[in-house]
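Here is the structure we will look at, set down as structure tokens.
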Amino acid sequence: MNRFHAYLLVLLFCLPSMQLWAQESRDNTSKEIETHLRFLASDELGGRATGTAGNNVASAYIAAFFQANGLQEVPGATGYYQEIPFVMTTPPKEGIIQWGDKNWAVGKDFIVSRGKAGTMNAEAVFVGYGIIDEENGVNDYEGIDLKGKIVVANLGQAGDENPSSVIQLGAKKKEWILERGGIALIELYRLSRLPWQFVTRRLNRARMQISNSSDISSPEATFTHIWAEDKGAELAKSIKEGKKIDIKLEHGGVDLEYRGSRNVLAWVEGTDPKLKDEFLLVTAHFDHVGTGPSGGRITETDSIFNGARDNAIGTVSLMTTAKILAANPPKRSVLFLAVTGEEMGMLGSSYYANKPLLPLNTMVFNLNCDGAGYNDKTLVSVVGYNHVDVEPIIKQGAEKNGLIAAGDPVPEQNLYDRSDNVSFASKGIPAINVSPGTKAFDAELMKYYHQVADEAESIDFVYISKFVKSFAEIASILANSEDTPSWREESKYFKAGQALYREE
């Protein structure tokens, strides 16, 4: 154990007696909730951006808390950590793609997510979506010679417009193409919900991505991977019509800088001989957007995005629930997973969902805690009622702590697919997101959401204590119930659930 980790353990054991900000009349749980939140949202952690020292301190704090409260390490983890090989990628400013009489410009017609500098002149081959699904007998590469070719594919897969899963699938396509001798991958953009101009603004800039390893000089890390806007599907049509298309591809290379980060996880074993083989999965992200202009709008006096609401509240909800259930083990086992990288596209939860340390089909439910803030202190808000039949349990947990359970306040925002719950829902695990009371995305909410004003001093700790205790109660009910909520048949994730649990 290093000295810093030991210090955190001492700090955590002393927390019940630390009443720096709490009134004597408040119970110990409420005092600890405030203390944890103030630490996680402090200036010293610098906004907890993934890959920064402040993010690493937050993960060490959560790990020390798990250890101090007797939670078990997960087999396959490094202590209480799942290490993730993040890299900071800076795309090239210069580049062209030429085919026929077409000239595509980097940053306008295409973006480069990976690849070393150079020029390629090669024949293009089209592989549809470029999918391999052995279970369903699909192999889009069968019978196609990729050796020395530039591979062109539709982005993602048919029927899937989730940006996170599209990115994950792109990484798999690169592996398949490398194995078959292809020299580059051009995915043709097709997501109707996100305009191409939005994508170029967001992705054609320095950003964090996940590598298959920390080796940033490996073939996987340096393989050229491009998203391009094929207006009118001209390139795809030309290749499919049997025309021999030669492509000249030239770009200045993507700069890579290794910046590892980590998920934090621990578990509590259930007491029921049968139910202990099942897991309730409790999740929350602990990262935020950091400091300076890259995080958002700064002021003359403040440049730190402390993220008290998003998502120190959720992190403290997970920690408090872990302590309560470790002291009073439920019938069903519980896996606690605090994830990094949510603000960059749910990367931490996606990484775990694709590289789980415990079988996903033993996870019977995912209870996630994330939110933009609150503007109604009478409520607990839930996103996912339209996917999972769970409303009675939420009501029971909220009412015990004097709050009212309410559904999705802004269904038009598609919040269900914008937090970590979707990483597990897409794998088939019934999932919901529970957040502090929100009745609308109004000025009160946006005053703090991803703003430097989102500091611990602006939090109503009396209300947040009720919310955190409600979340813990909901988790306790789910972990002690003989049954768990299941997918509604109308949910788009229903079939994924059938496949995961092998239902007929």
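The values are calculated or read from the model by the stated rules, or taken from the named source; none is laboratory data. In this text, all values refer to a predicted model and were calculated from it rather than measured experimentally. Quick reminder, even Gly has a Cβ in these numbers, built from the backbone with ideal geometry, and neighbours come from all protein chains shown. Heads up: the accessible areas ignore ligands, DNA and RNA and are worked out on the full protein's heavy atoms, side chains in. Shrake-Rupley method; radii C 1.70, N 1.55, O 1.52, S 1.80 Å.
For the reader, a short list of remarks on this structure follows.
- Among the residues of region 78-124, the ones that are among the aromatic types (Phe, Trp, Tyr) and not in a strand (DSSP E or B) come to 1 in all.
- Looking only at region 140-182, and only at residues there that are open to solvent by 50 Å² or more (accessible area, probe 1.4 Å) and polar (S, T, N, Q), the one that is farthest from Glu342 (Cα to Cα): Gln157
- Region 294-308 residues that are under 14 Å from Ser458 (Cβ atoms), paired with ones that are β-branched (Val, Ile, Thr) (beta carbon under 6 Å, 6 or more apart): Asp302/Val452; Ile304/Thr291; Phe305/Val289; Phe305/Val452; Ala308/Ile459
- Listing of strands (runs of 3 or more DSSP E) fully contained in region 360-410 that carry 2 or more residues being within 24 Å of Phe336 (Cβ to Cβ) and of a type outside the set (Lys, Arg): 363-369, 379-383
- Test result for Thr90, of a type in the set (Val, Ile, Thr) and out of contact with any Ser or Thr (no Cβ under 7 Å at 6 or more places or on another chain): yes
This table checks each residue for (1) under 21 Å from Glu343 (Cα atoms); (2) touching a helix residue (DSSP H, G or I) at 6+ places or on another chain (Cβ under 6 Å); (3) assigned to a loop (DSSP other than H, G, I, E, B).
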residue: Ile432; (1), (2), (3): yes, no, no
residue: Val452; (1), (2), (3): yes, no, yes
residue: Ala475; (1), (2), (3): no, yes, no
residue: Glu482; (1), (2), (3): no, no, yes
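- Qualifying residue in region 478-495 (condition: within 27 Å of Ile33 (Cβ to Cβ), touching a residue at least 24 places away in the same chain (Cβ under 8 Å), out of contact with any Phe, Trp or Tyr (no Cβ under 7 Å at 6 or more places or on another chain) and open to solvent by less than 50 Å² (accessible area, probe 1.4 Å)): yes
- Applying a threshold of 6 Å to beta carbon distances and a minimum spacing of six or more residues, or different chains, the list of pairs starting in region 166-182 at a residue that is under 17 Å from Ser218 (Cβ atoms) and ending at one that is open to solvent by 50 Å² or more (accessible area, probe 1.4 Å) and outside any helix (DSSP H, G or I) reads Gly181/Lys147.
- Per the conditions (1) in contact with a Ser or Thr (Cβ under 7 Å, 6 or more places away or on another chain); (2) within 22 Å of Leu235 (Cα to Cα), the sole criterion not satisfied by Leu191 is (1).
- Each residue in region 461-504 was checked for being of a type in the set (Asp, Glu) and either in contact with a Cys (Cβ under 6 Å, 6 or more places away or on another chain) or under 26 Å from Pro330 (Cα atoms) (or both), and 3 of them qualify.
- Scanning region 293-316 for residues being in a helix (DSSP H, G or I) and in contact with a Gly (Cβ under 6 Å, 6 or more places away or on another chain) gives a total of 1.
- Test: residue in region 435-458 that is β-branched (Val, Ile, Thr) and surrounded by fewer than 23 Cβ atoms within 10 Å (Cβ to Cβ): yes
- Pairs linking a residue in region 198-212 that is surrounded by fewer than 16 Cβ atoms within 10 Å (Cβ to Cβ) to a residue that is in a helix (DSSP H, G or I), with Cβ atoms under 6 Å and 6 or more positions apart or on different chains, are Asn212/Glu220.
- Of all residues in region 294-329 being at pLDDT 95 or above, open to solvent by 50 Å² or more (accessible area, probe 1.4 Å) and of a type outside the set (Gly, Ala, Ser), the one that is nearest to Ala266 (Cα to Cα): Lys323
- Residue match in region 410-424 (condition: charged (D, E, K, R) and open to solvent by less than 50 Å² (accessible area, probe 1.4 Å)): yes
- Any hit, region 276-292, residues being at pLDDT 95 or above, part of a helix (DSSP H, G or I) and open to solvent by 10 Å² or more (accessible area, probe 1.4 Å): yes
- Residue within region 390-408 that is within 24 Å of the chain's Cα centre (by Cα) and surrounded by 23 or more Cβ atoms within 10 Å (Cβ to Cβ) present: yes
- When region 110-139 is filtered for residues that are among the charged types (D, E, K, R) and open to solvent by 20 Å² or more (accessible area, probe 1.4 Å), the ones remaining, listed by number, are Lys116, Glu123, Asp133, Glu134, Glu135.
- Checking each residue of region 34-54 against the condition of being hydrophobic (A, V, I, L, M, F, W, C), modelled with pLDDT of 90 or more and exposed (fewer than 15 other Cβ atoms within 10 Å of the Cβ) gives at least one match.
- Residue tally, condition open to solvent by 10 Å² or more (accessible area, probe 1.4 Å), farther than 30 Å from Lys108 by Cα and not charged (D, E, K, R), over region 251-267: 2
- Taking each residue of region 354-366 that is more than 15 Å from Thr283 (Cβ to Cβ) and looking for partners that are open to solvent by 30 Å² or more (accessible area, probe 1.4 Å) and of a type in the set (Phe, Trp, Tyr) with beta-carbon atoms closer than 9 Å, six or more apart or interchain, yields Asn361/Tyr501.
- Residues in region 383-409 that are without any contact (Cβ under 8 Å) to a residue 12 or more places away in the chain and not acidic (Asp, Glu): Pro392, Lys395.
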